[in-house]
Every structure is written in structure tokens, then in C-alpha cells.
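The values are calculated or read from the model by the stated rules, or taken from the named source; none is laboratory data. In this text the structure is predicted, and so the values were computed from the model without any measurement. Quick reminder, even Gly has a Cβ in these numbers, built from the backbone with ideal geometry, and neighbours come from all protein chains shown.
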Amino acid sequence: MPKRYHLKRPELAQAIADQWRSCTDTKSQQRLLAARMAASGEFTANQIAEQIGISRRRFFDWMNALKAGGLERLLQRQHGGGASARVQGAALIELQAGLAQGRWKRAKEIQHWLWKRHAVPLKLTGVYYWLGKLGGVLKVPRKTHAHQDAAQAAQFQRTLCERLRNLNVAGGKRVRLWVADEHRYGLIPVVRKCWTLRGLRPTAPYQTKYEWGYLYSALEVDGDNAAEFWCLPEVSLAMSRLFLERLAARDPEAEHVVIWDQAGFHLKADLHAVPERVHLVELPPYSPELNPVEAIGDVIKDRIGNVLWETLDALEAAISEELRPIYETAQRVRSLVSHPWLIEQANATVAKNSAITC
């Protein structure tokens, strides 16, 4: 009968068991389990190796390391003797940074860059290996206006709290914080992706009918997470004023702070008479990604896309039905406005200024 293997190191048995229970690394767990089975003295070396999924030689190497240097030596993993990693040091750091910035469109571009910049010769299979290792994925980038000032946009994210406090809203009143924007819709159909079968090319009906409407939208940040939507025939200073008046009228006892972009048809505090109890904060130019209301555009396009609408009334009825779950459910609004920086800045404002109670 094969002889059972016994580690014969009783002083290590408890430490091995404790480390095995708290360890989260799969490969380390494998070594610790082998040591735990060896410490029990109930199994042969062959049984332990087979159970763990390693060779008998590997098992003895692990046990020798454990006996020579304890748990630290057992869990120390060394290079197995294969080809060393070619992408390392500065090349690895720059590759990660380039992926974060969306610098390359094709793996072949990365291959060329590695050779030209760092003299690292990699086959395309090697490039794909490193893309997988670093978590690289293909994504459609979000459009960014060529005139956007990235530093200005980042500063807005950091200083929104200060901007809100500087509004000097009178204390003692509830303050509601909104983000607002507009979206155009019309009788020229919107074409959207749709599910189909492999090998087939679906079609979508189309017509050339120039009739438009505009959806004014506002979502409340924190607080009640309310929503306000209004279909209007145009975008203009007059329409924007009407929308702000409607927003303020839904809670006459509160002050309303509205964050929106610098469109020419938006009222500006230093140029126009702003409705009472309404305070405006302007987003940096060309920075739609800072406004959560932009997501409403995708919501309505998904609903009205690939359909031929004969009248604006029918189109607006469909839009209203799609928006109903949003303005009736605070959780839906919360999911749309929950940009971490925005919630953080709003909460910081509440903490530092009792006048802001959004």
C-alpha cells in the first residue's frame, strides 16, 4: 500500500489552515490546499497531486519550499523559465495610458507603435494577448467637440460645489437642483440598430418630411429626483423662459437652481430677466458629457427609431409614453443623474451651506 505523505511540521499546520481560509488568490489557494492535505497525513503524495491537479514533482517542490522557508517561501512564485514578458517598464505604462485615452483603433497600430517607440517586436497574437491582459476592449468613442477645453470641464466638476454656494440663495428655503437640456424630434425617421438574423440586412422605412418639435427636459439631482418634460414648437429665449417658469411653478415654496449649457436660446443671469426663484449655472462650452440629461435623447430615439410617424401628435404621444416611467419613478431619475462627481458636489454643497438643501 502506498505510503501516506506527512509534512511533520505541526507548528505550521494551524498557520496553513488560517492562511488558506483567508486567501483569495486562486494559485496561492492551490499551494495552501496541498500543504493542508500534507499536514493532515491522510493522503499519499500521488493523491494530493491528483486532487490539486499538479504533477508529483511539483508537489514535492512546494513541500521542500515550505520546509525551507515557511509559508512565505511556499507562496513565492518565480518565473517558470519560459520567454520573459516583452512589454514591461515604460512600454507597459505607456500602453496602459494609450488604451485609457483610446489612442489606437487597430491592434496593428499598437504593434507598429511598440516596435517604433520601444523596439518591442510582437506578433499580432502577442498584441491581442496584452490587450486581454490589460482589459482592453473595442468601444465606440463618445464624440467630443474639437473646441472643448478639457481642463475647463475638469475644473467645473471639481468646483461645482463652490459655484452653487456662491449663488447666495436665501437661507430657510428648500433649494432644488436641476440639470436641463433640449432634444429635437421630427417626422424624418431616426434609424437605430435592431435585432435580426445572421446573414440578413433589415430595412427601416424613411420619408422626407420637415416638421420638428423640441423636448425640454429637466431632472432633479438628489432630493425628490423629480423630472419635468415639455414638448414645445421651437427653441428660443421665450420658450426657455416658459420652461423655467413651469419648473419653478411645480414648487412655489422652493428656490430652483438649473444647470444647463450655454446655448444661445438659454437665458443668462447677466443678460436676461430670469424668472423669480430660479438661479442658473452654466456648463463649460462644448461639454455635453457633463449633463446627465443628454441620456434622454437616446431614450426617445430608441422608442421612435425605425418607425414612420405621420404626425407630430402621434410622435409626441409615443415620446410621452416612453418618458412616463421616468417622471413617475424617482429611481429611474436617480439612475440617470447619478454621475459620481455631480452627486458628490451636490452633497458637499448641502454639508457646507445650509441654504442649499437639495
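So the values come out like this:
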| quantity | calculated |
| --- | --- |
| Which listed residue is in a strand (DSSP E or B) and either under 27 Å from R332 (Cα atoms) or in contact with a His (Cβ under 9 Å, 6 or more places away or on another chain) (or both), from A218, A248 | A218 |
| Unique match (being in a loop (DSSP other than H, G, I, E, B) and either at pLDDT 95 or above or surrounded by 17 or more Cβ atoms within 10 Å (Cβ to Cβ) (or both)) among W113, W104, W130 | W104 |
| The stretch 126-139 residues that are of a type in the set (G, A, S), paired with ones that are modelled with pLDDT of 90 or more (beta carbon under 7 Å, 6 or more apart) | G136/L99 |
| Residue within the stretch 307-314 that is charged (D, E, K, R), under 26 Å from P202 (Cα atoms) and under 21 Å from the mean Cα position of the chain (by Cα) present | no |
| Residue in the stretch 53-65 that is in the same structural domain as S28 (by TED's automatic domain parsing) and touching a residue at least 40 places away in the same chain (Cβ under 8 Å) present | yes |
| Residues within the stretch 188-204 that are surrounded by 10 or more Cβ atoms within 10 Å (Cβ to Cβ) and either basic (K, R) or over 33 Å from the mean Cα position of the chain (by Cα) (or both), tallied | 1 |
| Filter result for V190 (closer than 22 Å to V235 by Cα and not aromatic (F, W, Y)) | yes |
| Subset of the stretch 183-208 (residues that are farther than 13 Å from D302 by Cβ and not in a loop (DSSP other than H, G, I, E, B)) | R184, G186 |
| The stretch 297-314 residues that are within 24 Å of V337 (Cβ to Cβ), paired with ones that are surrounded by 13 or more Cβ atoms within 10 Å (Cβ to Cβ) and among the acidic types (D, E) (beta carbon under 9 Å, 6 or more apart) | G297/D181; V299/E322; I300/E322; D302/E322; R303/E322; I304/E322 |
| Matching entry among L280, L267 (being among the aliphatic types (A, V, I, L, M) and either part of a loop (DSSP other than H, G, I, E, B) or exposed (fewer than 14 other Cβ atoms within 10 Å of the Cβ) (or both)) | L267 |
| P233 being touching a Gly at 6+ places or on another chain (Cβ under 7 Å) and farther than 24 Å from T349 by Cβ | yes |
| Close pairs (7 angstrom Cβ cut-off, 6 or more residues apart or separate chains): within 26 Å of D313 (Cβ to Cβ) in the stretch 210-230, in a strand (DSSP E or B) and basic (K, R) anywhere | W212/R184; Y214/R184 |
